[in-house]
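Bear in mind these aren't lab numbers, they're just calculated from the coordinates by the rules spelled out. Everything numeric here is computed off the predicted structure, so don't read it as measured data. Don't worry about glycine lacking a Cβ; one is built from the backbone with ideal geometry, like all the others, and counts go over all protein chains shown.
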Amino acid sequence: MFIRDRGEGEGGARDRSAGVTRRLAARTPYALATTDLRARLVPLGPDNPWPATDPDGARAVAETGAHSLIVVPLTLRGAVLGLVSLYRCGAAEPFDEDDVSLAVSAATRAALGIDNARRYEREHIIASTIQRRLLPQAERQQAAVDTAHVLLPGRDSGCWFDTIALSGARTALVVGGVAGEGLQSAIAMGQLRTVIQALAGLDLEPEEVLARLKDTADRLADERAALPPADALQSEPMSAGCVYGVYDPFTRTCTVARAGHPAPLIVGPDGRAVALDVPEGPGLFSTDSALFAPATVTLEVGSLLAFCTAELLSGDRAAERITETLARPGRSLQQLGDDIVYALPDDTRSAGAALLLARTGTVSDHLVATWDLAQDPTTPATARVLVRDRLQGWGLDEDTVEATELIVSELVTNAVRYGTPPLRLRLLLDSTLTCEVHDGSPASPHLRHARTVDEGGRGLFIVSRLASHWGARHGPDGKVLWTEQDLPEDERNGAKGERNGAVGER
């Protein structure tokens, strides 16, 4: 049997026989079948005129001793997918019309199978493309964390990872996965990743982020359940998991919460595994309403964290194999990630997976300034002097210094009037300039749009105009009001040089 695929050129088809490709001549039964899409029963003998126009085909027929031929086009919805040629050789009875009917029926089923496979492959390519476009396109520079990732394409198109810069030089590390294949999994993955990025910007604790993410997942599940019964998606279950961790370089702690997802693996700078017992919370689309519970671990500088999808941790000694790989000295993060993949079973690679690696560090002392301040009406003036002196020492321009003075004056004034001790001011120079004012009160101020005749209420409005970002985060000992200011290119490069020097030292 020969299967001939439609191609370009005269005759519009190519013949594939035992790995050999040849052009199909125009004036032959094969070409006619692809032209009018009708099957043909052709006796083969010396009196046939068409073999003269197809010497290669005639030679193949002569070598096999074929005496009867059925040519059936593989068609679907009027399109030619290929061509099937059936030959009878030797003493076998010639084909008859019943054989033609059987061949046409078999070709119809084959065409449907080929088209389904082609459609599945096309959908898989589209889903994989969407998945890649929805994920970070490059490694993001963080203040005190080096990261690398490996994304394995495969059947599972719902894996995702992320690194999110948070206030106070903290970094959120995220890995998740939506079970299933195809476009719907990729779309759900994009929705969840977008939501978790928005939630991370609110400075919530990891368990609060996952709780609100699950609320969103529940709404998505309700929307799918409300689809018409005839919709194929209506009956498809949804399942997803996520692990969310926040690393704080000043306390050297990593706080992690997880929703139906494996906990991260941690290896200390000495190569020994670090225990992190994170209670498992309910999956994002599950009906379980249990609360999420976080776990916090203190890490040495240079520790390695591996956030993995479940596929990477399946099989015997999977966790031990990964931690042993992370303990190898003299390897970059990307090399370690590749080494982990090299050791995976073949079935894991075909399923698809995501791996996010992070090496912890600290913020250089040269890039941080911290002051404990008194709860006194004169403190704002003192803070302005301290800030000007430090920013000039960092070589920042006068416009940045004056804007920061005003920001700090407003934040400290607010803390003195409405907050409680202890009062602390911190400046952090990185790709941006961060100002943080901590006080012991849990109450957060709100941005107001003061009227013309109002004598106050403009502090946070002024801050919001001078800073590119601002917000508040809460902790067990009070709250922190923070701002971020964009820096000119030359000042960002100077801070980057300082940061790289500190990273090189560790």
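Each label point was placed 7 Å from the Cα along the Cα-to-Cβ direction; for Thr370 and Arg109 their separation is 7.4 nm. Radius of gyration over Kirkwood radius for segment 221-272, both on Cα atoms: the Rg/Rh ratio is 1.31.
How much length would be gained if the chain were fully extended between Gln234 and Ser468, taking 0.36 nm per residue of separation minus their Cα-Cα distance, in nm to one decimal?
79.9 nm
Here the Karplus relation 6.51 cos²θ - 1.76 cosθ + 1.60, evaluated at θ = phi - 60°, turns the backbone of segment 382-387 into coupling constants of 4, 5, 5, 5, 4, 5 Hz, with x for every Gly and Pro.
A simple spin-label model places the labels of Glu489 and Thr298 4.4 nm from each other, with each point 7 Å out along Cα-to-Cβ. Taken about its Cα centre, segment 181-235 carries a charge dipole of roughly 180 debye when the Cβ of each Lys and Arg holds +1 and the Cβ of each Asp and Glu holds -1. In this rough spin-label picture, where each label sits 7 Å from Cα along the Cβ direction, the Glu324-Ala443 distance is 5.9 nm. In order along segment 269-283, the Karplus-derived 3J(HN,Hα) couplings, from 6.51 cos²θ - 1.76 cosθ + 1.60 at θ = phi - 60°, round to x, 8, x, 8, 5, 9, 6, 9, 9, 9, x, 7, x, x, x Hz, and Gly and Pro are given as x. In terms of the mean number of neighbouring beta-carbon atoms within 10 Å, the peptides 388-398, 96-106 order highest first as 388-398, 96-106.
With contacts taken as Cα pairs under 8 Å at a separation of at least 6 residues, segment 237-284 carries a relative contact order of 39 percent.
What does the extension gain come out to for Arg417 and Asp397, with contour length at 0.36 nm per residue minus their alpha carbon separation?
Contour length minus Cα-Cα distance gives 4.2 nm.
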